[in-house]
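Below is one structure, written out as structure tokens; the observations come after it.
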């Protein structure tokens, strides 16, 4: 393992060194550095990691928005698409909270959070409407 750090001058091979906090780059890629194959790189500085993490998260965010748009516009009487939309929103929030929060700027987090809250609220309202209409249909069937 190699360490590139402006404060500490370490060159060469390092064994059994673990960096717990950091952004892992290239999980399935092999990088070539000085004719050595490097299988994983962990960026521990937030200034270095921010642009990479921001780009990665924004790609995931835009995919999520596209998925949520299709799920929310889907005419589903059972509400399965709305439940899936709510699950995807929660999954994305947990992933950001656990993996990327330390490397993103507060402004980016707030922007994504506000937009996701609006979509989540819309999905919850529509899901409640569908559930209430289903309950009314069941009550009408029982009363007949």
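Where a number appears in this text, it was derived from the coordinates with a stated rule and is not lab data. Computed from a predicted model, the values in this text were never measured in an experiment. Cβ sites come from the backbone with ideal geometry, for glycine too, and all protein chains shown count toward neighbours.
Observations on the structure shown:
- Computed E for residue 75/residue 141 - FRET, C-beta separation, R0 22 angstrom, nearest 0.05: 0.50
- Amide N proximity, segment 102-144 versus residue 83 label position 7 Å along Cα-to-Cβ, cut-off under 20 Å: 120-139
- Mean-position separation - Cα centroids, segment 48-70 and segment 106-138, in angstrom: 20
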